[in-house]
Every structure is written in structure tokens, then in C-alpha cells.
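Trainee: Here you go, one structure.
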Amino acid sequence: MLEVTNLTASYGAIQILWNVSLRVAQGEIVSLLGANGAGKTTTIRALAGEIATSGGIVKFRDQDITSLPAYKTVETGLVEIPEGRQIWGGLSIEDNLDLGAYSRRARPDRHRSKEWVYSLFPVLAQRRKTSARDLSGGQQQMLAIGRALMAKPLLLMLDEPSLGLAPQIVEELFAILVRINDENISILLVEQNVEFALRIADRAYVLEHGRMTQEGPAEELRKSDDIRAAFLGL
């Protein structure tokens, strides 16, 4: 479904990614692991069309999307949930969700999509007229996921969805991600909570200083001494 080959990207004169290659198959959950500053967010932003790449190829469903801007990338079904949620605080939950369905492919199904989001997150349904700024951190993350689902993603990319959330809320969010994946929506997950990320993933990649250094089945990486020492504190 997603094939990334030798991707390079820079911020100005500073190169961040060197020949990054990864793939996500239909129906998979793939985790991208790495320390702070490893280039994980840059990778997600490059795939989403938010920043220009300086080399490599990104193919989604056999279409070359390397140079597509973000709004056109969403139209293909590749949808990002950025770090920090970036919801519209002055708008209601319902308005945030409606704006998530702005793309042409999503607009016709927006009512059905919204009902699905409300079934996944009943608290959003109960508070649908509430301003997004008045939600808790966990509820805002639910809203960010719901808004992305309104775009009818075929592949959902999440950047640090558990950041700043209480452990119980993290458990709930990861259970929701599994339910979303059960609907045949593939997931590329950047997550500092490596234990959770590897628990739900099929495969994983490790990014260090802008270069891929490891990849494999999530369960194998979870048992790796290197991964346990670097990320799990074991």
C-alpha cells in the first residue's frame, strides 16, 4: 500500500533523513520507533506532503505521491494526525469533525463517518456542541483521531498520540486504534510509548539519526535486547 524508497529530507541546509525506506501493507499496523530527534516526525510530515523531500520516492497504492502537497495527499486516502493534535479550539467538536471531511472523496459520506466517530468516542457525541478548547487532553486526542477519520483514510499516520496522556487514557486510545485497524484501515504509528506501540503493531522500524537501522516483526523487536535496553529500560 505505502512504499517509501530512499527518502531524504532537509530543513534548510540541515539534512534530517538519509535514504529512509519503509513499507506498510494493506491492513497492517506498522510502528516507527526512535529517540527524540531521530527524524520520526520529519518522516511523517514528508509522507503527508507537508515538507518537500530532496530525494527518494513515495508511492501510495502504486501512485507516485512524492511531490503532492498535503491537501492532495489527503485525497488519496493517506491522512496524518500530527503531534500536538492541532484541533481548532474555538470551534465545537461537531464543527471540527465536519471540517475533517473537506476532501471531495470524504464529503459525500460525512454523515455516516460522523456517526462512526461518535460510536468510537461516545464522549464526543455527548459533548458535540462543546468548544474543543474545553476538552481534556484525552478528549482532544479523540477529537483529532475522529477528525482524521472523517477524511476516510485508507492509511492513517499518527505522530505521538499518547503524548501527555494518563496511562488509562492511553490504554483506551490504543484499543480504539486496534478497532480502527479492524475496519481495514492501515496504520503507521510514531509513538514514544514503545511497549504499547510494539504490542499492537505487526511490524516495526527503528530510526536513528535520520537513518533506518532495524526492522522486523514487532514481537521479535519487542524481545530484542537492543530494543529492550534502548526503549523499555530493561
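Nothing in this text is a laboratory measurement; each read-out follows from the coordinates by a stated rule. Source: prediction; values computed, not measured. Cβ: placed from backbone, ideal geometry, glycine included. Neighbour counts: every protein chain shown.
Trainee: Loop by DSSP (not H, G, I, E, B), at most 15 other beta-carbon atoms within 10 Å: where is the longest site-free stretch of the chain for GluC sites (Glu not before Pro)?
Mentor: Segment 51-182 is the longest.
Trainee: If you compute Cα extents along the principal axes in Å for the structure shown, which of (i) 51, 38, 30; (ii) 46, 42, 38; (iii) 46, 40, 32 do you land on?
Mentor: Derived directly from the coordinates: (iii).
Trainee: What share of the DSSP beta bridges in the chain is antiparallel, in percent to the nearest 5?
Mentor: 55 percent
Trainee: Same structure, new question: To the nearest 20 debye, what charge dipole does the stretch 1-105 have about its Cα centre, counting +1 at the Cβ of each Lys and Arg and -1 at the Cβ of each Asp and Glu? Before the final figure, lay out each step's value.
Mentor: Values: 9 positive and 11 negative charges, 49 e Å.
Computed about the Cα centre, the dipole is about 240 debye.
Trainee: A follow-up question, please. Scan the stretch 30-126 for chymotrypsin sites (Phe, Trp or Tyr not before Pro) in coil per DSSP, keeping those whose Cβ has at most 15 other Cβ atoms within 10 Å, and list them by number.
Mentor: Passing sites in the stretch 30-126 are Trp88, Tyr102.
Trainee: Would you tally the net charge around His111, using a Cβ to Cβ cut-off of less than 14 Å, leaving His111 out, and scoring K and R as +1, D and E as -1?
Mentor: +2
Trainee: Oh, and also: Helix 110-120 versus the longest principal axis of the chain: what angle, 0 to 90°, nearest 10, using Cα atoms?
Mentor: Rounded to the nearest ten degrees, it is 80.
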